[in-house]
1. Here is a list: Lys253, Lys272, Lys294, Lys263. Which entry is modelled with pLDDT under 95 and farther than 30 Å from Glu461 by Cβ?
2. When you check Leu31 against the structure, is it touching a His at 6+ places or on another chain (Cβ under 9 Å) and in the same structural domain as Ala287 (by TED's automatic domain parsing), yes or no?
3. Of all the strands (runs of 3 or more DSSP E) wholly in the stretch 71-129, which have at least 3 residues that are under 20 Å from Tyr218 (Cβ atoms)?
4. So which residues in the stretch 444-456 are touching a residue at least 12 places away in the same chain (Cβ under 8 Å) and surrounded by fewer than 24 Cβ atoms within 10 Å (Cβ to Cβ), if there are any at all?
5. Taking Asp417 as the residue in question, decide whether it is more than 19 Å from Arg444 (Cβ to Cβ), acidic (Asp, Glu) and free of Cβ contacts under 8 Å to residues at least 24 places away in the same chain.
Amino acid sequence: MRADYLIVGSGLSGLVFAALMAKSGKQVQILEAHEFAGGFGHTFSMGGQHKFNAQLHYVWNCGEGQTVNKVLRQLNLDKDVTFERYDPNGFDHMKMPGYSLEIPSDSHELIARLTTLFPQDTDKFTKFFAAVQKTSAGLDALSVSLSPANILKHASDTSITLRYLKCTLQNVFDKFKLPQEAQTLLALQWPDFLLPPNQLSFYAWVMLFTGYQRGAYYPTNHFEHVIDSLVKVIEANGGQIHYNHEVTNFTIKNNQVTAVEYKNLLTQETGKACGDKIVCNMDPRKASEMIGLKQFPKGLRKKLNYDYSPSNFMAYCTVKGIDLRDYGFGKWNVFHSSHLDLNTAFEDMYERHDFSKLSFAITTPSLMTTNESDRPEGQQIMEFLTVANYDYFKHLKDTDERAYKKKKKEILDTIIDTVEENYIPNFRKHIAFKITGSPTTNERFCWSPQGNSYGSNMTPENIGMNRLNHKSSLKNFYFCNASSGYAGFAGTFWTGANLYQALTGAAVL
């Protein structure tokens, strides 16, 4: 097996890179350990007609002229792979004891809504969001180039951005003295990061928050169609994806990866694959440990020694006999917290494994598009997400399967109790199908080390100027992964397209 580009893994950034290269006429081969392409973006079927996406819920940078749209247009997919926009008047609905807030796309309107809740703090909100917008503009400028000339060119924005380089979201909340309740409402989409304000990089929060303000989207034909469309471009242009092919090692000679060793998980046969250039879509830390850290210079070893992001608990459900729109759900997500302090909520759930007072996300993909191919007729999908500790669940699963299942049931029951109390009376009797996933599920089905959801943890240490990029220091060996670019749907589209640009000189973004 030989190719111009041999790609290890078929996560979203790998698929985007492979599709762009195949479309440009290069020979592309992909080794994928799973039976599906897409990584966390893959869709799985359960109970016959039920289809659920592994992790993706809503996405950003999909509007005209934005990152995802530019890539799809380059691949001639922009007319077929389309997106439905969430309600711009409130794409995220935040709910906590005594307070609720609908997050609109317009920042002035958001400040007005916050002022209604906290009339004494208008000036604080105005100054906070001015800093958010300046930081966002500075990050956009720095993403183009880190050269001194570019920094000086955009000095008014980049100077403020650089001021927050090592800041958490909590640091900035404290700087502007925002009320605790307002902090919680603004950070309630924390399941999108699986980090609380006192750990989350301010940069990461700004990128996602302002990105969703520009437009929150869901694919018209579901995420399965997005993945399938990228795969079709690869295959239509002579590329191949070899499923159930687990990479077991890398062959190194004279500071160059000369081959990739693999095992066919169906036949147990082993083999080697070669490429003029090898692109590593698998986790860079895991790949570097397989290669041998001594092969990399000290500075790069430090970047590769990142902590993984926390993992998550997922519940995938369908309901029948009700219309979720009658209970306050629609073209938006709902984020609920029984805690007034998200830092405490995270600590209780992640460190103490206490889920008695939950903070979690609710998403309803059935209400985002009229395409009903993902569920039985007359049913709607409802999904729930919160944080979970990999080490804890791994220990339970390895030592006491009954206790592992009991803990998953406990969390799901608490979610259902919370939904019945706050949103849908007698919710249990309307559940037609349900299945849960834990951190070990992520590890098993998404080949995610330690069940991590986003690669490197989105703390200030991992988000910033010194972040790992595609350069590996080995000849013709490149990283192309959420941890060597950016996580999430838009982030991985950017990562794949950015590497394509770096290797070809062709402009996409």
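The values are calculated or read from the model by the stated rules, or taken from the named source; none is laboratory data. Predicted, not measured: the structure shown is a model, and the values here were computed from it. For neighbour counting, all protein chains shown are included, and Cβ atoms are generated from backbone atoms with ideal geometry for every residue, glycine included.
1. Lys253
2. It is true that Leu31 is touching a His at 6+ places or on another chain (Cβ under 9 Å) and in the same structural domain as Ala287 (by TED's automatic domain parsing).
3. Here the list reads 83-85, 92-96.
4. Phe445, Cys446, Trp447, Pro449, Gln450
5. Against the criterion (more than 19 Å from Arg444 (Cβ to Cβ), acidic (Asp, Glu) and free of Cβ contacts under 8 Å to residues at least 24 places away in the same chain), Asp417 qualifies.
Residue-wise test of (1) in contact with a strand residue (DSSP E or B) (Cβ under 6 Å, 6 or more places away or on another chain); (2) in a helix (DSSP H, G or I); (3) over 30 Å from Ser373 (Cα atoms).
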site	(1), (2), (3)
Leu165	no, no, yes
Val172	no, yes, yes
Pro197	no, no, yes
Tyr212	no, yes, no
Phe223	yes, yes, no
Val226	yes, yes, no
Lys232	no, yes, no
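A quick yes/no check of all residues on (1) over 21 Å from Tyr212 (Cβ atoms); (2) assigned to a helix (DSSP H, G or I); (3) modelled with pLDDT of 95 or more; (4) in contact with a helix residue (DSSP H, G or I) (Cβ under 8 Å, 6 or more places away or on another chain):
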site: Asp326; (1), (2), (3), (4): yes, yes, yes, no
site: Thr344; (1), (2), (3), (4): yes, yes, yes, no
site: Phe355; (1), (2), (3), (4): yes, no, yes, yes
site: Thr386; (1), (2), (3), (4): no, no, yes, yes
site: Thr418; (1), (2), (3), (4): yes, yes, yes, no
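Every residue, every condition in (1) under 23 Å from Pro97 (Cα atoms); (2) touching a strand residue (DSSP E or B) at 6+ places or on another chain (Cβ under 8 Å); (3) not assigned by TED's automatic domain parsing to the domain that holds Val16, yes or no:
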position: Ala287; (1), (2), (3): no, yes, no
position: Leu358; (1), (2), (3): yes, yes, yes
position: Ile362; (1), (2), (3): yes, yes, yes
position: Asp374; (1), (2), (3): no, yes, yes
